[in-house]
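S.K.: What follows is a structure written as structure tokens; I'll ask about it next.
The values are calculated or read from the model by the stated rules, or taken from the named source; none is laboratory data. Nothing here was measured: the structure is a model prediction, and the numbers come from that model. Virtual Cβ from ideal backbone geometry, glycine too; neighbours counted across all protein chains shown. Surface areas here come from the heavy atoms of the whole protein model, side chains and all, with no ligands, DNA or RNA. Shrake-Rupley method; radii C 1.70, N 1.55, O 1.52, S 1.80 Å.
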Amino acid sequence: MYVVKSPLSDENLKTVSEALQGALADLVDLALVAKQIHWNVVGPRFRSVHLQLDEVVALARKHSDTVAERAAALGVSPDGRAATVAVGSGIGVTPEGWVDDSTAVSTMVDALGAVIARMRERVTSTEEPDPVSQDILIAITGDLEKQHWMFQAENG
Ligand SMILES: [Fe+2]
């Protein structure tokens, strides 16, 4: 069923929809991972790590909405279902149970690093097909890289 007509050619739309759908899976999973660690972190740095993780959750949720709605605006149905996210996310395994603060921080460094690498590929792939989507992906990558810096500094 096609309700929304895309302004892009079929070829460009395929590239851009893959980028946006991949970004959606990564961002939904990032919000879940950050909440999991937010609830399970223990240790002397509990308070600062616990609070910073909610900044990541808020950022990931906001940006997941932006990429999903950009897909919809291009006539592509966004898929944020749990099963789709589980298959599509580029984030590795999240530790089970309580997590000490250093492990919590390194888990976030790894998760953000994985998502950022994929986001930068999407920035490149969308440059010609759709600079409007690329602009969204660039802004998201900038926010993720800021968080990546801060978590790396925590374990510095
Ligand atoms: Fe909370």
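S.K.: Within the range 24-53, track down each residue that is farther than 18 Å from Ala83 by Cβ and either open to solvent by less than 30 Å² (accessible area, probe 1.4 Å) or among the charged types (D, E, K, R) (or both).
M.R.: Result: Ala34, Lys35, Ile37, His38, Asn40, Val41, Arg45, Arg47, Val49, Gln52, Leu53.
S.K.: Does the range 125-144 hold any residues that are over 17 Å from Leu24 (Cα atoms) and open to solvent by 40 Å² or more (accessible area, probe 1.4 Å), and which are they?
M.R.: Within the range 125-144, Glu127, Glu128, Pro131 qualify.
S.K.: Before we move on, is Gly75 in contact (Cβ under 8 Å) with a residue 40 or more places away in the chain, within 30 Å of Asp10 (Cβ to Cβ) and either open to solvent by less than 40 Å² (accessible area, probe 1.4 Å) or aromatic (Phe, Trp, Tyr) (or both)?
M.R.: So Gly75 passes the test.
S.K.: Consider Leu13 against the criteria (1) surrounded by fewer than 17 Cβ atoms within 10 Å (Cβ to Cβ); (2) within 30 Å of Glu128 (Cα to Cα): it satisfies all of them except one. Which criterion is unmet?
M.R.: (1)
S.K.: Restricting to the range 92-106, name every residue that is open to solvent by 20 Å² or more (accessible area, probe 1.4 Å) and in contact (Cβ under 8 Å) with a residue 12 or more places away in the chain.
M.R.: Of everything in the range 92-106, those that are open to solvent by 20 Å² or more (accessible area, probe 1.4 Å) and in contact (Cβ under 8 Å) with a residue 12 or more places away in the chain turn out to be Gly92, Thr94, Pro95, Gly97, Trp98, Asp100, Ser102, Ser106.
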